[in-house]
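Visitor: I'd like to ask you about the structure that follows.
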Amino acid sequence: MMRLPLWILGALLLGGIVHLSTVLAMPQAATQDAYSRLERISPVNAVTQLPAPTAQNATMPFMDPAFAVAVCRYDLSAGALKLRAPLSQAYTAITFYTRNSVAYYAINDRAAGRRVIELDLMTPEQHAQVPEEEDVTAADRLIIESPTRRGLIVLRALAPEPGLMPMVRQALAAAQCHTEPVPQQ
């Protein structure tokens, strides 16, 4: 009489372990992740605007048609990355992702406090090689440390009305990301 509940409990426990293992392994096993999809249409260390999403075709899933989106696939092997993104009038956000789609930093126009977001992206090793300048403060130079050498920077700008989309896309077109060598001490 006691054997049936034990078998059921064992089956539920085994099913839970298999389910949890599968859910945790899926991000590494996925072949159509964001980085892979963007690899075909965007060069490394350059900003590429994504086409506006339609009901039949979207570069990435769950894209909001009220936002213009640009991406920069980066590779920090050759040096630090310099990102410069002018802000749109309504709202601009920049999010940093590792190669495996883990978000590790985000900034928006409200936090930037300027009309342009300028920052340096580098690995911890590259950051350690940057000389300390006494007259430069953290507010003057924003340095982001990337946990991986490769990843994605996603720039999103809001067009509050459909007629403002060309202006928002023009602001994103002026964004730049390029490699610059880390100065040696």
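A quick yes/no check of all residues on (1) in contact (Cβ under 8 Å) with a residue 60 or more places away in the chain; (2) not hydroxyl-bearing (Ser, Thr, Tyr); (3) not assigned by TED's automatic domain parsing to the domain that holds Gln176:
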| site | (1), (2), (3) |
| --- | --- |
| Ala46 | yes, yes, no |
| Leu50 | no, yes, no |
| Thr54 | no, no, no |
| Phe62 | no, yes, no |
| Gly79 | yes, yes, no |
| Lys82 | yes, yes, no |
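Residue by residue, here is whether (1) over 21 Å from Ala46 (Cα atoms); (2) among the β-branched types (Val, Ile, Thr) holds:
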{"residue": "Phe62", "(1), (2)": "yes, no"}
{"residue": "Leu76", "(1), (2)": "no, no"}
{"residue": "Gly79", "(1), (2)": "no, no"}
{"residue": "Ala90", "(1), (2)": "yes, no"}
{"residue": "Ile107", "(1), (2)": "no, yes"}
{"residue": "Arg114", "(1), (2)": "yes, no"}
{"residue": "Leu119", "(1), (2)": "no, no"}
{"residue": "Ala128", "(1), (2)": "yes, no"}
{"residue": "Ile153", "(1), (2)": "no, yes"}
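Visitor: Do we find a residue being of a type in the set (S, T, N, Q), within 15 Å of the chain's Cα centre (by Cα) and assigned to a helix (DSSP H, G or I) anywhere in region 24-43?
Guide: Yes, that holds for at least one residue.
Visitor: Suppose we filter region 51-79 for residues that are crowded, with 22+ Cβ neighbours inside 10 Å and more than 14 Å from the chain's Cα centre (by Cα); how many remain?
Guide: In the first step, residues of region 51-79 are kept if they are crowded, with 22+ Cβ neighbours inside 10 Å; the result is 67-68, 70-74.
With the extra rule that they be more than 14 Å from the chain's Cα centre (by Cα), the set shrinks to 67-68.
Matching residues across region 51-79 total 2.
Visitor: Of all residues in region 9-44, which are of a type outside the set (A, V, I, L, M, F, W, C) and touching a residue at least 40 places away in the same chain (Cβ under 8 Å)?
Guide: Scanning region 9-44 gives Pro27, Gln28, Asp33, Tyr35.
The values are calculated or read from the model by the stated rules, or taken from the named source; none is laboratory data. On a predicted model such as this, the values are computed, not experimentally measured, just so you know. Every residue, glycine among them, receives a Cβ derived from its backbone with ideal geometry; neighbour counts consider all protein chains shown.
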